[in-house]
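Report on the structure given below.
The values are calculated or read from the model by the stated rules, or taken from the named source; none is laboratory data. Worth saying up front: this structure is predicted, and the values here are computed from it rather than measured. A quick note on method: Cβ atoms are made from the backbone with ideal geometry, for glycine too, and the neighbour counts reach across all protein chains shown. These accessible areas exclude ligands, DNA and RNA; they are computed on the full protein's heavy atoms, side chains included. Shrake-Rupley method; radii C 1.70, N 1.55, O 1.52, S 1.80 Å.
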Amino acid sequence: MKLLQVLQGEKTSPPPVWLMRQAGRYLPEYRALRQTAGDFLSLCLNPTLAAEITLQPIHRYGMDAAILFSDILILPMALGQSLCFAEGEGPRLPPLKNLAVLKPHHAPEIYAPVIETVRRVRAELAPEVALIGFAGGPATVACYMLDGKGSTDHFIRTRTLAYENPNFVETLLKILVDATILYLQAQVDAGADCLMLFESWSGIFPPDQFRQFVITPTRRIVQSLKFTNPGLKIIGFPRLCGLLLGEYVRATGVDAVGLDTITDPTIAIASCPVGTVFQGNLDPLLLKTGGKPLETAVRKLRDAFQNVPYIFNLGHGITPDVPPMHVAQLIAALRAA
Ligand code: 1CP
């Protein structure tokens, strides 16, 4: 498995490749299946369909890794917060005010279909293709739980609560850390080969809160899972963390770090400990434009990371308006000598 070799510290040329949101609305075969299932949540909770969707991009493009088709908000839903995806508007949850509504003991039963999806995908996937399990980082998941929706105002309720009632936020984060450990352990037991923590909104917190709400909970998750599963590899994605990148990698103990679009590779490499594995960070907009600019940027990134263990990816997810041909073009450019 090329992805695992690199996560173990090997440098390979060309690098392994997978793309955030590689299964999704830009693919006609995804849209077709989505129509038969109705809404997005039903898809996530249907192991037959979710497994098929996970495999769709692998069949079409031959990436080196599949990522479980699910969502970071399945965990809050499993904890008892109601969740829906309004068409074209993203997730909606009733903003969490009382932690007593959360029922961690019920969660494994509710996310059981997702774990079954992991089992099915691993059984169907070729042995050389890795399966990535994932969860949201606790701070990012807490943002959605407290604000009840996406980032329209940079999670103003969460950021206000972080000052007015930090104990409440801390307690929620503790619940999320414990639940995330169990959820990710279940994915590993079902066959996930490595894990990724999507801390997509870590960049909205000032440094001290970043340490308290992002670094400390992440370290707890990483330490616990690595203690139970020696050799397990974990990729962190502290999006928009800026100059705190090096501290995040050192203090959390993640094996690999996903870089966002605005991070300069050379500066990232210089700020992280020797041995860090890097993943990223092509601008997703280049997948929309395609052509020469895409190919040039792909080669430039490959060169920038040639002296470190490196996994090719985007700096954020594929957008629904990407022409499927451009993904093939990206992979061909990357794998060309
Ligand atoms: O069909 C549809 O309309 C649903 C669109 C969709 C899809 C395909 C959503 C809603 N989630 C997903 C799948 C998904 N989400 C995956 C599957 C695997 C893959 O990458 O192919 C993963 C890993 C996620 C993770 C996720 N969900 C993140 C972290 C990564 C990131 O993009 O930063 C976040 C923040 C979410 C929340 C979410 N779910 C869906 C949307 C539209 C959003 C973002 C809402 C916002 O703007 O805040």
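In segment 6-24, which residue that is within 13 Å of the ligand (Cβ to nearest atom) and modelled with pLDDT of 95 or more is most open to solvent (accessible area, probe 1.4 Å)? So that I can check it myself, show each step before the final result.
Just the residues of segment 6-24 that are within 13 Å of the ligand (Cβ to nearest atom), to begin with: 18-24.
Okay, now just the ones that are also modelled with pLDDT of 95 or more, so 18-23.
Values: 18: 1, 19: 0, 20: 9, 21: 155, 22: 1, 23: 13 Å².
Among those that are within 13 Å of the ligand (Cβ to nearest atom) and modelled with pLDDT of 95 or more, it is 21.
Would you call residue 254 open to solvent by 70 Å² or more (accessible area, probe 1.4 Å) and either part of a loop (DSSP other than H, G, I, E, B) or in contact (Cβ under 8 Å) with a residue 60 or more places away in the chain (or both)? Spelling it out, it is not the case that residue 254 is open to solvent by 70 Å² or more (accessible area, probe 1.4 Å) and either part of a loop (DSSP other than H, G, I, E, B) or in contact (Cβ under 8 Å) with a residue 60 or more places away in the chain (or both).
Which of the residues spanning segment 209-228 are among the hydroxyl-bearing types (Ser, Thr, Tyr) and surrounded by fewer than 21 Cβ atoms within 10 Å (Cβ to Cβ)? Result: 216, 224, 228.
When you scan segment 282-301, do you find a residue that is under 24 Å from residue 197 (Cα atoms), open to solvent by less than 10 Å² (accessible area, probe 1.4 Å), free of Cβ contacts under 8 Å to residues at least 40 places away in the same chain and within 15 Å of the ligand (Cβ to nearest atom), even just one?
Step one: list which residues in segment 282-301 are under 24 Å from residue 197 (Cα atoms), which gives 282-285, 287, 301.
If we keep only those that are open to solvent by less than 10 Å² (accessible area, probe 1.4 Å) as well, we get 282, 287.
Narrowing further to those that are free of Cβ contacts under 8 Å to residues at least 40 places away in the same chain: none.
Among the residues of segment 282-301, not one is under 24 Å from residue 197 (Cα atoms), open to solvent by less than 10 Å² (accessible area, probe 1.4 Å), free of Cβ contacts under 8 Å to residues at least 40 places away in the same chain and within 15 Å of the ligand (Cβ to nearest atom), which makes the answer no.
Scanning segment 29-55 for residues that are more than 24 Å from residue 140 (Cβ to Cβ), open to solvent by 20 Å² or more (accessible area, probe 1.4 Å) and not basic (Lys, Arg) yields 29, 32, 33, 35, 36, 37, 38, 46, 47, 48, 49, 52. Remark: residue 85 matches the filter, which requires a residue to be within 11 Å of the ligand (Cβ to nearest atom), open to solvent by 30 Å² or more (accessible area, probe 1.4 Å) and not in a helix (DSSP H, G or I). In the set (1) of a type in the set (A, V, I, L, M, F, W, C); (2) free of Cβ contacts under 8 Å to residues at least 24 places away in the same chain; (3) part of a helix (DSSP H, G or I), the condition left unmet by residue 274 is number (3). Select from segment 137-167 the residues that are loosely packed, with under 12 Cβ neighbours inside 10 Å, more than 12 Å from the ligand (Cβ to nearest atom) and among the charged types (D, E, K, R) and list them in ascending order. The one that is loosely packed, with under 12 Cβ neighbours inside 10 Å, more than 12 Å from the ligand (Cβ to nearest atom) and among the charged types (D, E, K, R): 164. Taken as a whole, the condition of being among the acidic types (Asp, Glu) and under 29 Å from residue 47 (Cα atoms) does not apply to residue 264. Against the test of being outside any helix (DSSP H, G or I) and closer than 24 Å to residue 67 by Cα, the options 179, 142, 126, 186 yield a single qualifying residue, 126. Every test in (1) within 13 Å of the ligand (Cβ to nearest atom); (2) touching a strand residue (DSSP E or B) at 6+ places or on another chain (Cβ under 6 Å); (3) open to solvent by 40 Å² or more (accessible area, probe 1.4 Å) is passed by residue 1 save one, and that test is (1). Total residues in segment 150-197 satisfying the condition of being modelled with pLDDT under 95 and in contact with a strand residue (DSSP E or B) (Cβ under 6 Å, 6 or more places away or on another chain): the figure is 1. Among the residues making up segment 189-208, those that are in a helix (DSSP H, G or I), open to solvent by 20 Å² or more (accessible area, probe 1.4 Å) and either farther than 21 Å from residue 279 by Cα or touching a residue at least 60 places away in the same chain (Cβ under 8 Å) (or both) are 189, 204, 207, 208.
From 236, 231, grab the single residue that is of a type in the set (Gly, Ala, Ser), surrounded by fewer than 22 Cβ atoms within 10 Å (Cβ to Cβ) and not in a helix (DSSP H, G or I). Explain how you work it out, then say what you get.
Working: 236 fails: surrounded by fewer than 22 Cβ atoms within 10 Å (Cβ to Cβ).
Step by step, each of 236, 231 is checked, and only 231 is of a type in the set (Gly, Ala, Ser), surrounded by fewer than 22 Cβ atoms within 10 Å (Cβ to Cβ) and not in a helix (DSSP H, G or I).
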